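The values are calculated or read from the model by the stated rules, or taken from the named source; none is laboratory data. These figures come from a predicted structure and were not determined experimentally. Glycine gets a Cβ as well: all are built from the backbone with ideal geometry, and neighbour counts include every protein chain shown.
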Amino acid sequence: MKTFKARGIVITGAASGIGEALAHALAAQGARLLLADVQAERLDAVAAALRERGADCLTQVCDVADAAAVQALADTAQAAWGGAHAVVNNAGVGLVAPVHSLSLEDAHWLMGINFWGVVHGCRAFTPQLQARASRQEDAVIVNISSIFAMVSMPTQSIYNASKAAVRGFSDALREELRDSGVRVLCVHPGGIRTRIARDARLGDIASVADSPQALHAQFEQAARTTAPQAAQAIVGALRSGRTRLLIGADAKWGDAIHRLWPTRAAPWLSALARRLRHRSTPR
């Protein structure tokens with residue numbers, strides 16, 4: 001996208017974290033925004049802050065796990081702008097629990113948001129994006145995956161699976177849309193300082209932390225990239241026409257290790273997590 005001015009951009013999971021930061025970054029570039037989240041009060045607060053700065057901003061409460069709700073979001077973009085120029089499938093949640101004892105209800109909840117939310121967003125918005133592309137206009141799908149699509153962590157099996165699924169889905173969709181002019185950008189952040197760890201559902205975390213508070217402290221220590229930094233990286237990738245983006249030194253290291261030594265990547269990351277736990281344990 002050469003310019004964001006007057007471009008209609010939809011962001012899910014926009015009430016906090018990367019979604020909120022991206023909304024601010026794109027508003028500063030003159031984009032028209034449609035922000036979606038399940039957290040109505042947080043969403044309203046984000047929109048109010050943007051409007052105070054003169055942003056053209058619409059909001060819609062939306063559970064991305066609900067295909068009909070995502071279609072309603074696409075209908076709003078169609079009615080407001082004649083269709084979106086870009087959709088950012090950013091909504092995501094966390095679940096920390098070992099496989100043998102995790103709640104299947106929690107597993108389905110996470111997959112419904114992290115994976116099916118992306119599928120629903122792509123299916124709902126692709127027709128209007130293809131219409132934009134047919135007129136030689138910008139048309140981009142941004143799917144937020146994770147470095148955990150490449151390297152896995154114990155107690156993160158369902159999260160790992162959801163992000164690997166987003167990666168595989170995005171790669172296939174990119175090829176399906178190659179001749180249509182719609183670009184697919186898959187983003188793989190490393191540790192980003194957001195609410196995802198604090199809002200995650202927790203099962204038995206004894207193997208990775210002594211308490212929820214300790215788990216959150218470990219995440220804060222490991223997450224070196226801020227949400228605004230992640231947002232600026234995504235804006236840069238949109239401008240440059242990239243189709244794959246790693247965010248943060250940890251994501252780049254993890255990807256490199258995965259490429260060079262695929263069987264060692266997960267053990268390396270697990271060992272790093274154990275060292276972080278040891279450092280954060282009071283003595």
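For region 58-81, filtered to residues that are surrounded by fewer than 20 Cβ atoms within 10 Å (Cβ to Cβ) and either of a type in the set (Ser, Thr, Tyr) or touching a Gly at 6+ places or on another chain (Cβ under 8 Å) (or both), the residue that is farthest from residue 197 (Cα to Cα) is 80. If you go through region 13-44 and keep only what is more than 15 Å from residue 232 (Cα to Cα), surrounded by 24 or more Cβ atoms within 10 Å (Cβ to Cβ) and touching a Lys or Arg at 6+ places or on another chain (Cβ under 6 Å), you end up with just 15.
If I filter region 46-57 down to residues being small (Gly, Ala, Ser) and loosely packed, with under 14 Cβ neighbours inside 10 Å, which single residue comes out as nearest to the chain's Cα centre (by Cα)? Among residues in region 46-57 that are small (Gly, Ala, Ser) and loosely packed, with under 14 Cβ neighbours inside 10 Å, the one nearest to the chain's Cα centre (by Cα) is 48. Within region 156-189, the residues that satisfy the criterion of being outside any helix (DSSP H, G or I) and either surrounded by fewer than 20 Cβ atoms within 10 Å (Cβ to Cβ) or modelled with pLDDT under 95 (or both) are 156, 177, 181. Here residue 241 fulfils each of the conditions (1) surrounded by 14 or more Cβ atoms within 10 Å (Cβ to Cβ); (2) modelled with pLDDT of 90 or more apart from (1). Within region 252-267, residues that are without any contact (Cβ under 8 Å) to a residue 12 or more places away in the chain and among the hydrophobic types (A, V, I, L, M, F, W, C) have Cβ atoms under 6 Å from residues that are surrounded by 14 or more Cβ atoms within 10 Å (Cβ to Cβ) and assigned to a helix (DSSP H, G or I) in no pair, counting only partners at least 6 apart in sequence or on another chain.
Across region 41-62, the qualifying residues are those that are assigned to a helix (DSSP H, G or I) and of a type in the set (Asp, Glu), and the one among them that is nearest to residue 73 (Cα to Cα) is 44.
Number of residues in region 190-207 that are surrounded by 20 or more Cβ atoms within 10 Å (Cβ to Cβ), touching a strand residue (DSSP E or B) at 6+ places or on another chain (Cβ under 7 Å) and more than 14 Å from residue 110 (Cβ to Cβ) equals 3. For residue 192, the stated conditions hold: it is within 30 Å of residue 172 (Cα to Cα), touching a residue at least 60 places away in the same chain (Cβ under 8 Å) and of a type outside the set (D, E, K, R).
Could you tell me which residue of region 190-222 is modelled with the highest pLDDT, considering only residues that are in a helix (DSSP H, G or I) and hydrophobic (A, V, I, L, M, F, W, C)?
Restricting to residues being in a helix (DSSP H, G or I) and hydrophobic (A, V, I, L, M, F, W, C), the top hit is 196.
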